[in-house]
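*Asks:* There's a structure below that I have some questions on.
The values are calculated or read from the model by the stated rules, or taken from the named source; none is laboratory data. Computed from a predicted structure; not experimentally measured. Using ideal geometry, Cβ is built from the backbone for each residue, glycine included, and neighbour counts are taken over all protein chains shown. When the accessible area is computed, the model is the full protein with side chains, heavy atoms only, and any ligands, DNA or RNA have been set aside. Shrake-Rupley method; radii C 1.70, N 1.55, O 1.52, S 1.80 Å.
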Amino acid sequence: MRNIGVIGAGHVGLVTAACFAKLEHNVICADNDSQKIEKIKNLDMPFYEPGLEEIVKETIRNKKLILTTSVSELTEKSDIIFIAVGTPSTPDGSADLSYVENVTIEIARALTEMKKIFDNKIYRLIVEKSTVPVLTGEWVKKTLELMSPTEIEFDVAANPEFLREGSAINDFLEPDRIIIGVGSEKAKRIFEELYAPIKAPIVFTDVKSAEIIKHASNSFLALKISYINAISQICEKVGADVEKVAEGMGYDKRIGKDFLKAGVGWGGSCFPKDVAAFIKMGEDIGYPFNLLKEVQKINKEQRLLVIKKAKELLWNLRGKEISILGLSFKPNTDDIRDAPSIEIISLLLKEGAILKCYDPKAMENMKKIFPDILYCQTPYECVKNSSLLIFLTEWDEFKNIDFEKIKEIMKTPYIIDGRNFLDRDKLKKTGFIYKGIGRN
Ligand code: UGA
């Protein structure tokens, strides 16, 4: 069993820490937000992720997972240190790497202090887990070399995470692949041992290629969604059905069925940030990534499409009651970062609509951005007397709604299905005027 440190207790950090602890390693997880650390110690999760709470509870109780605010304590106790701090977008689209830099400096300081006390050989494997632009590993290495004693041996590696919110635990324990960028045989052997219990192909490469694999993968998935959304616009103009088009394309193994769901577009804490950072990185090294700029543009247009459809149904939106079901950027999470709902709500408010919202998990987060709109306890309360019902997230709960009842209590039976997930034919039979994305 290894002694592992994870710096950052956000979505990636806490899931990584909890899962390594579940695999019986001794894990210490550090975050400089003392309130967050206290919360987790008290078994209160800082965000919703299915299955995480149980693992955190179990591993804290059996002392496999320890939480701290001290990077120096973590550096002392761990042979392998994962950096999983945030890399948020700056206004020009580039990733803000100051948190990565700060923790690298803290690790270097801690190693310097350790060298004063311990006489024996010290080795640390420092691993980038956060999504970072290519060449970040080189900066981490340079910083450590510059700031820590020469006798300390270390390797810097990149081991990007591919977990999705809502299925993060499963994605960690049963990934499609594990990517490891390393520069030494010693580090490679440590990773082989570390990931031995996980049955997945491991791709070993250099650090720079591993960094690019993460950005290229997320950008490709965003591109795939924008592509089907572009096709959805064509379908709409000629009266074809994008769902059937996607099905027909998806059977081709070279294309695949996944991430071909047309809708109000991609959001979340990863795709918007990573696509922007990849474009900016391209610019910095002299490659204008125009393909990805178009991917961003299509995504923006998908959000605006909802307002256009609302106007087609209701004519003027001013003073009309509109209900929104689903606020999170996707189901099974309370995360609303860059959720399509935020932009759509802003635009509807600008048009003078009166909004009522419901989401199974994300309402508390949304209240921080829009404190003045009405939040309801049930979908039924939300749609009462509404002129239009808009679905922006495909929560399972919404599939089981009693639409007969909804039709009775709405003022006019108009539905916009922003995720193409409802039974269109059944809704039409019930008497709704239904508008999907790329299908009528
Ligand atoms: C994404 C990647 O899928 C993960 O592999 C990656 O590890 C993660 O980013 C990250 O970099 O940390 P996540 O942001 O949790 O994961 O969400 P996804 O499930 O990928 O969905 C992203 C957005 O695309 C959502 O808004 C979703 O509604 C939208 N989407 C997805 C579509 O509009 N259509 C689709 O067919 C699929």
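*Asks:* Could you tell me the center-to-center distance, by alpha carbons, between segment 300-328 and segment 390-405 in angstrom?
*Replies:* Measuring centre to centre over Cα atoms gives 17 Å.
*Asks:* Just add up the charged neighbours of Lys309: K/R +1, D/E -1, any other residue whose Cβ is under 13 Å from the Cβ of Lys309.
*Replies:* 0
*Asks:* While we're looking at this one, here's another question. How high is the FRET efficiency from Arg254 to Glu193, r the C-beta distance, R0 30 Å, rounded to 0.05?
*Replies:* After rounding to 0.05, the efficiency reads 0.25.
*Asks:* Where is the GNM fluctuation largest for the chain (alpha-carbon springs, 10 angstrom cutoff): Cys235, Cys29, Cys270?
*Replies:* Cys235
*Asks:* Using only Cα atoms, find the angle between the long axis of helix 185-194 and the longest principal axis of the chain, and express it within 0 to 90 degrees, rounded to the nearest 10.
*Replies:* That works out to roughly 50 degrees.
*Asks:* Pairs Lys224/Lys297; Lys311/Lys411; Lys199/Lys257; Lys407/Lys428: which exceed 18 Å Cα-Cα?
*Replies:* Long pairs (Cα-Cα over 18 Å): Lys199/Lys257.
*Asks:* Show the residues, 5+ positions off or on another chain, whose built amide H is closer than 5 Å to the amide H of Ile198.
*Replies:* Placed amide hydrogens put nothing under 5 Å from Ile198.
*Asks:* Let me ask you something else. Enumerate cysteines in the chain without a disulfide-compatible partner, where compatibility requires another Cys Cβ under 4.7 angstrom.
*Replies:* Cys19, Cys29, Cys235, Cys270, Cys357, each lacking another Cys Cβ under 4.7 Å.
*Asks:* Calculate what fraction, in whole %, of the accessible area of segment 218-435 sits on carbon and sulfur atoms when a 1.4 Å probe is rolled over the protein chains.
*Replies:* 54
*Asks:* How high is the relative contact order of segment 218-435, in percent, with contacts defined as C-alpha pairs under 8 Å that are six or more residues apart?
*Replies:* 18
*Asks:* Of the peptides 188-196, 152-160, how do they stack up when ordered by the mean number of other Cβ atoms within 10 Å, highest first?
*Replies:* 152-160, 188-196
*Asks:* Also, I was wondering about something else. Which angle between 0 and 90 degrees, to the nearest 10, do you get for helix 136-147 versus the longest principal axis of the chain when only C-alpha atoms count?
*Replies:* Helix 136-147 sits roughly 30 degrees off the main axis of the chain.
*Asks:* Using the 2.2 N^0.38 Å rule of thumb for compact globular proteins, work out how segment 218-435 stacks up: its C-alpha Rg over that value, please.
*Replies:* After normalising by residue count via 2.2 N^0.38 Å, the value is 1.04.
*Asks:* Turning to a different aspect of this structure: Which lysines, on any chain, are close to Lys142 with Cα under 17 Å apart, when same-chain ones fewer than 8 places away are left out?
*Replies:* Reachable lysines: Lys208.
*Asks:* Once the Cα gyration tensor of segment 296-418 is found, what semi-axes does its equivalent ellipsoid get, as square roots of 5 times the eigenvalues, in whole Å, sorted largest first?
*Replies:* With the √(5λ) rule applied to segment 296-418, the semi-axes are 19, 18, 14 Å.
*Asks:* What is the Cα centroid distance between segment 1-64 and segment 223-278, reported in whole angstrom?
*Replies:* Cα centroid to Cα centroid, the span is 35 Å.
*Asks:* Using alpha carbons only, how many degrees (0 to 90, rounded to 10) separate the axis of helix 11-22 from the longest principal axis of the chain?
*Replies:* Relative to the chain, helix 11-22 is tipped by roughly 60 degrees.
*Asks:* Separation of segment 137-205 and segment 406-440 by C-alpha centroid, Å?
*Replies:* 47
*Asks:* Let me ask something else. In the P(r) worked out for segment 1-143, what percent of Cα pairs fall beyond 26 Å?
*Replies:* Pairs farther apart than 26 Å: 24 percent.
*Asks:* Hey, another quick one. Suppose each label sits 7 Å from its Cα in the direction of the beta carbon; what would the Glu113-Asp402 distance come out to in nanometres?
*Replies:* For the pair Glu113/Asp402, the computed spacing is 6.2 nm.
*Asks:* What net charge do the residues around Ala200 carry, taking every other residue with its C-beta under 14 Å from that of Ala200, with Lys and Arg at +1 and Asp and Glu at -1?
*Replies:* Charge balance in the 14 Å sphere: -3.
*Asks:* Describe numerically, in nm with one decimal, the distance between label points set 7 Å from Cα along Cα→Cβ at Asp44 and at Thr69.
*Replies:* 1.6
*Asks:* Nearest 20 debye, what's the magnitude of the dipole of the chain about its Cα centre given +1 on Lys and Arg Cβ and -1 on Asp and Glu Cβ?
*Replies:* For this selection, approximately 1260 debye.
*Asks:* Taking the Cα-to-Cβ direction at Glu145 and at Glu101 and moving 7 Å from each Cα, how far apart do the two end points lie in nm?
*Replies:* Going from the Glu145 label point to the Glu101 one covers 1.8 nm.
*Asks:* Spelling out what I want: for every residue of segment 159-165, take phi, set θ = phi - 60°, compute 6.51 cos²θ - 1.76 cosθ + 1.60 (Karplus), and round to whole Hz; glycine and proline get x.
*Replies:* 9, x, 9, 10, 6, 9, 4
*Asks:* Could you work out what % of the accessible surface of segment 3-205 is carbon and sulfur, using a 1.4 angstrom probe and leaving DNA, RNA and ligands out of the count?
*Replies:* The C+S portion of the solvent-accessible surface of segment 3-205 is 50 percent.
*Asks:* Let me ask you something else. Going by amide H atoms built from the backbone, whose H comes under 5 Å of the H on Leu374, apart from near neighbours?
*Replies:* Leu355, Cys357
*Asks:* In whole percent, what relative contact order does the chain give with Cα contacts below 8 Å and a gap of six or more residues?
*Replies:* Relative contact order comes out at 12 percent.
*Asks:* Here's something else I'd like to know. Can you work out the accessible area per residue across the chain, with the rest of the protein chains kept in place, probe 1.4 Å, in square angstrom?
*Replies:* Accessible area per residue: 46 Å².
*Asks:* Continuing with the same structure: Mind ordering 56-64, 135-143 by average Cβ neighbours within 10 Å, highest first?
*Replies:* Peptide ranking by packing, descending: 135-143, 56-64.
*Asks:* Which cross-chain or sequence-distant (5 or more) residues have an amide H under 5 Å from the amide H of Ile66, H modelled 1.01 Å from N in plane?
*Replies:* Counting only residues 5 or more places away or on other chains, the set is Val27, Ile28, Cys29.
*Asks:* Counting other Cβ atoms within 10 Å, which trypsin sites (Lys or Arg not before Pro) in segment 342-426 have at most 13 and lie in a DSSP loop?
*Replies:* Hits after loop and neighbour filter: Lys411.
*Asks:* Okay, moving on. So what's the back-of-envelope 222 nm ellipticity for the chain, counting only DSSP H runs of four-plus at -39500 (n - 2.57) apiece and dividing by all residues, rounded to 500?
*Replies:* Estimated from H runs of four or more residues: -14500 deg cm²/dmol.
*Asks:* Per the Cauchy relation, a quarter of the hull surface: what is the mean projected area of the convex hull of the alpha carbons in the chain, in nm²?
*Replies:* Directional mean of the projected Cα hull area for the chain stands at 22.5 nm².
*Asks:* Connecting C-alpha atoms closer than 10 Å in a GNM of the chain, tell me which of Thr131, Thr68, Thr393 has the biggest fluctuation.
*Replies:* Comparing Thr131, Thr68, Thr393 in a Gaussian network model of the chain, the most mobile one is Thr68.
*Asks:* Before anything else, pin down the relative contact order of segment 3-205: Cα pairs under 8 Å, at least 6 apart, normalised by residue count, whole percent.
*Replies:* With pairs under 8 Å counted, the relative contact order is 19 percent.
*Asks:* Still on this structure, I have one more. I want to verify a result. In a Gaussian network model of the chain, Cα cutoff 10 Å, which of these has the top mean-square fluctuation: Glu321, Glu343, Glu151?
*Replies:* Between Glu321, Glu343, Glu151, it is Glu151 that shows the largest mean-square fluctuation.
*Asks:* From the phi angles alone, apply the Karplus equation (6.51, -1.76, 1.60; θ = phi - 60°) to segment 172-177 and give each ³J(HN,Hα) in whole Hz, x where the residue is Gly or Pro.
*Replies:* Per-residue couplings from phi come out as 6, 7, 10, x, 5, 7 Hz.
*Asks:* Another question about this same structure. Give me the net charge for the shell around Ile369: Cβ to Cβ below 12 angstrom, other residues only, Lys and Arg +1, Asp and Glu -1.
*Replies:* -1
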